[in-house]
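Contents: one structure, followed by commentary.
The values are calculated or read from the model by the stated rules, or taken from the named source; none is laboratory data. Just so we're clear, the structure is a prediction, and the values are computed from it rather than from any experiment. For neighbour counting, all protein chains shown are included, and Cβ atoms are generated from backbone atoms with ideal geometry for every residue, glycine included. Side chains are part of the model used for accessible areas, which takes the heavy atoms of the whole protein and leaves out ligands, DNA and RNA. Shrake-Rupley method; radii C 1.70, N 1.55, O 1.52, S 1.80 Å.
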Amino acid sequence: MNLLKKYTGWFVLGTLVFYLLSVAHLTPVLLPTLLAWGANIAMWHTLAPSAKRQVTWLMMIGIATLLFAGSKGTWMTWQQVFAVNLPMLAMFVAVSFLDLTSSTDEKRPLPKGLSAIFNTALSVQVLGAVINLSVILVFADRIKGAIKLTPEQQFILTRNFSAAAWWSPFFVATGVAIIYAPGMQWQKTLIPGLAMGLVAIIFSTIEAFRRTKGDFNGYPIRKESLFIPMILASSVIFFHFIWPDISILVLICLLAPSATILLMRTPSRRKSLSHFVNHKLAQIGSQFALFLAAGIFSNGISAIILSYPQFFNLDSFTFSPMLFSFTLAIMIIAGVIGIHPVVSIAIASPMLLPLHPDPTQLGFLFLSAWAISAGSSGLTGLGLLMTSRYQIPTKTIVTNSVHYAVFMWLLCSLVNGFFL
């Protein structure tokens, strides 16, 4: 165990490296799977008690349902149970490297007014789309100054950061959607997703300005800070067009670390990368634990559905716009009460796939559920961060975003009905 803890970051990195080698058929998929679970065991002690409880319950329910389904003659393969979310974990490790390209600016004064609100909303979405969760910490720590983060600053950051799930290929939500909606064509959701992200920015900006009358401290973004995210997103689109047979997930796993090494600004790349692997990668235990547990849980649900098809028979239904809208509403509510989007997606996917839905529409459903619920809930990871680190009450987060969640739910239903 001590050896595992000492080299935790290298186990995490090995998950990415050997996953890519397994995709190229140079190593068996068993190797990155063992590394992922080894890293999970090594990082278990770093998890918060609430995360441990959630993961434990997911695993217990998943194992129990798998064993029960097995007693009825339905057995899932070990790859389905233990490695189903391996591509997503590899992608998460890859995009974690992009944290090395971020920079802070402590000297410039905080801007105020309508433009400050809009620029903060736009910037947190664009930067968060690539660099992910660390952007929230950088922005929030900077704009709160010596005082508490205001509710308006909170929803500008959380809503617009989460809205990147609609369109960013670097967001973990994209990896989840691609895995749980097999055959999804991400490029078909790109334009609708960008439109949804822009609406989130405009909606939140108008609301924040109306409530603060312009008395809002924004983040002092620089134009050059947006260069790396735009280059990376464009590169993914370009290379996917050139090599359509290579999945988006694999492209991101290759491009994110490579671009980081080329673009990072540091006196010593070797020292920075070594520190990153040994310290930063060793601290992403909650994501590994959640996604590995969700894999067991989702396959347990799938096994039960296969064992009792008569109880989960949706043959009388079709994946209509009405069913899309109803399912999205249930998933958003589940997210608001604290169920992580990946868990609700893991439940919904095996129940909806037998209806043979259009994979891109199903993927858009999952992206929408993630974007809206993560930006509106005080009990999922992002909301808990705001509550624990910035003392924003859970009730405030939820009540501030009920109208936002309803509006975006209606808009997603319309986009699905008319444009997908």
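Assorted remarks:
- Sorted largest first by accessible area at a 1.4 angstrom probe radius, with every protein chain in place, the residues HIS275, HIS356 fall in the order HIS356, HIS275.
- Solvent-accessible area of ARG389, all protein chains in place: 110 Å² (probe radius 1.4 Å, heavy atoms, ligands and nucleic acids excluded).
- Shape call, the chain: gyration tensor on alpha carbons, a/c limit 1.5: oblate
- With the simple spin-label model, which puts each label point 7 Å out from Cα in the Cβ direction, the LEU198 to PHE227 separation comes to 2.6 nm.
- Springs join every pair of Cα atoms under 10 Å in this Gaussian network model of the chain, and among ILE201, ILE296, ILE246 the largest mean-square fluctuation is at ILE246.
- Highest-fluctuation residue, VAL126, VAL402, VAL343 considered, GNM on the chain with Cα pairs under 10 Å: VAL402
- Between the stretch 223-286 and the stretch 297-342, the Cα center-to-center distance that results, in Å: 34
- Heavy atoms of TRP57: accessible area, 1.4 Å probe, square angstrom to 10: 150
- 3J(HN,Hα) from dihedral phi, the stretch 346-351, Karplus parametrisation 6.51/-1.76/1.60, rounded to Hz, x for glycine, proline: 5, 7, 5, 4, x, 7
- Solvent-accessible surface ranking, highest first, for PHE82, PHE18, PHE139 at 1.4 angstrom: PHE82, PHE18, PHE139
- In this view, the solvent-accessible surface of SER168, computed with a 1.4 Å probe and all protein chains in place, comes to about 0 Å².
- If the chain linking ARG53 and SER274 were pulled fully straight, counting 0.36 nm for each residue of separation and taking away their Cα-Cα distance, it would gain 76.4 nm.
- Residue of THR56, THR74, THR266 that the Gaussian network model of the chain assigns the largest fluctuation, springs spanning Cα pairs under 10 Å: THR266
- Carbon-plus-sulfur accessible fraction, the chain (probe radius 1.4 Å, protein heavy atoms only): 69%.
- Between ARG389 and LYS72, the C-beta separation translates, for a Förster distance of 35 Å, into a calculated FRET efficiency of about 0.15.
- Shape of the stretch 143-184, Cα gyration tensor, a/c cut at 1.5: prolate
- Net charge of Cβ neighbours under 13 Å - reference PHE276; Lys, Arg +1; Asp, Glu -1: +3
- Probe 1.4 Å, accessible area per residue of the chain, Å²: 45
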